[in-house]
Amino acid sequence: MQPLLKISSIPIKIETQTTRAALQQNTQLPAVNVTRNKGAANIQTTPARVNIDTTEARANAGLKSAIRSTGDFAQQGRAGAAEAARTYAENGSAMIDAAGQGEPIIDAAAAKAAPVQVSNPHGPPQAPQINVQPGSISFDFQMDSLTFDWHVNSRPELEYVPASIEYSVQQYPEVVIEYVGSPIYVPRSADPNYVPPPGE
């Protein structure tokens, strides 16, 4: 007689996925910012000056200014008036003393006569006074300059990734019971393949 039941066992099926530990290094490339400062040129100039003073030279040549000429004319007028008064006084005294003696007027004029002297009343010519102030130039030039701002990581950035294990169940354990016999009829005579035993 063959067994009527077939029992099968299906084991569990587990899939394992592992990830190794890793040490990751994040390195950033160096960067630099360049700033340009423009130069400049500063030029300062002082022009030369020439001061020419012709006051004394013009006065020496007889070309005086109006103010100076007026003062000289006033002084000459005072001196001329004093000289005329003195001359009139001397001539009057001479005419009184010479009562009936010669020609007092002619004698006085002859006594006053002096030899003519030709000379320059203003003296030797005088050059104008020239004062020269030299000019100057100041040149200040500043060249362009560059400023470098570096960004460099002194230490690398390290990141540790720990190891990991992942389990996934692909098949759970199972027990399968299968009936492999023929059907059981009650009563047995209901089986179409029933053969009664001998003697019945």
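Only the coordinates and a few stated rules stand behind these numbers; no lab work does. Only a predicted model underlies this, so the values are computations on that prediction, with no experimental measurement involved. Cβ coordinates were reconstructed from backbone atoms using ideal geometry, including for glycine residues, and neighbour counts include every protein chain displayed.
One table, with the values for the structure above:
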quantity: Nitroxide proxy distance, nm - points 7 Å out along Cα→Cβ at Q24 and F148; calculated: 3.3 nm
quantity: Centre separation in Å (Cα based) which lies between region 143-176 and region 9-55; calculated: 27 Å
quantity: For region 178-183, Karplus couplings with θ = phi - 60° (6.51, -1.76, 1.60), whole Hz, Gly/Pro x; calculated: 10, 8, 10, x, 7, x
